[in-house]
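*Asks:* I have a structure here, written as structure tokens, and I will follow up with some questions on it.
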Amino acid sequence: MSTPRKHVVIYTDGACSGNPGPGGWAAILRYNQHEKVLQGAEAHTTNNRMELTAVIEALRALKEPCRVDVYTDSNYIVRAFQEGWVERWQRNGWRTASKKPVENQDLWRALLELTRRHDVRFLKVKGHADDALNNRVDRLAVEAMRRGQTETPDSSVSAVND
């Protein structure tokens, strides 16, 4: 008999000053009463790369397979999964419908690998609206971009970093 997977809620966001330009990403992971914040930055990147990196780093922080709800304001990520873009890209040899190579393939491949380990749902939230956690993760991503440094994660969430 298998044990039910822990349910983790993740909010992610990416930020970029210029596109490309310096960027930052952030994630808030919640499991029961525990919370973990992750942030990082890159000197030269794009907003989409930061959005993807936030989700990847959040899922990488999970130390066991979990049920995960990922909340993001990125249409790029949500639509890629909900509208089947990812499956079509793979079937088409990582080419778009217009036969161009899929951008950010390295990150998409890493994210797909992580979604095979976890049971992940991608949920769209409206950016810069009334969702307190989305607004908070946005501020954290901008802060990371401005600081331009990657922080090491702490170990405050038992499902996340045991």
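Values quoted throughout were computed directly from the atomic coordinates according to the rules given, and no laboratory measurement underlies them. Everything quoted here is computed from the prediction, not taken from an experiment. Every residue, glycine as well, gets a Cβ built from its backbone with ideal geometry; the counts of neighbours run over all protein chains shown.
*Asks:* Using the Karplus equation 6.51 cos²θ - 1.76 cosθ + 1.60 (θ = phi - 60°), what ³J(HN,Hα) coupling, rounded to whole Hz, does each residue of region 73-86 give in order, writing x for Gly and Pro?
*Replies:* Once θ is set to phi - 60°, the couplings for region 73-86 become 9, 8, 4, 3, 6, 4, 5, 4, 8, 6, 9, x, 4, 4 Hz.
*Asks:* Can you give the FRET efficiency for E35 and E103, using 1/(1 + (r/R0)^6), R0 = 25 Å, r = Cβ-Cβ distance, to the nearest 0.05?
*Replies:* The formula returns an efficiency of 0.20 here.
*Asks:* For region 6-154, what number of Lys pairs, 8 or more residues apart or on separate chains, have alpha-carbon atoms under 30 Å from each other?
*Replies:* The number of close lysine pairs in region 6-154 is 12.
*Asks:* Turning to a different aspect of this structure: Using θ = phi - 60° and the Karplus relation 6.51 cos²θ - 1.76 cosθ + 1.60, list the HN-Hα couplings for region 112-119 in order, rounded to whole Hz, with x at every Gly or Pro.
*Replies:* 4, 4, 5, 6, 6, 7, 10, 8
*Asks:* Then there's this: Which value at 222 nm does the chain reach when only helices count, each DSSP H run of 4 or more adding -39,500 (n - 2.57), with the total divided by all residues and rounded to the nearest 500 deg cm²/dmol? Numbers along the way, then the final one.
*Replies:* Numbers: 6 runs with 62 residues, N = 162.
After summing the helix terms and dividing by the residues of the chain, the value is -11500 deg cm²/dmol.
*Asks:* Another question about this same structure. Would you please give the FRET efficiency between E83 and S17, computed as 1/(1 + (r/R0)^6) with r the Cβ-Cβ distance and R0 = 41 Å, to the nearest 0.05?
*Replies:* 0.90
*Asks:* Still on this structure, I have one more. Over the Cα atoms of the chain, each weighted equally, I'd like the Debye log10 I(q)/I(0) at q = 0.10, 0.11, 0.16 Å⁻¹, rounded to two decimals.
*Replies:* Scattering profile of the chain, log10 relative to I(0): -0.35, -0.42, -0.89.
*Asks:* Please compute the length gained on full extension between R67 and L112, using 0.36 nm multiplied by the number of residues separating them and subtracting their Cα-Cα distance.
*Replies:* Gain on stretching R67 to L112: 14.7 nm.
*Asks:* Running Debye on region 1-60 with equal point scatterers at the Cα sites and no solvent, what base-10 log of I(q)/I(0) appears at q = 0.14, 0.26 Å⁻¹?
*Replies:* -0.43, -0.95
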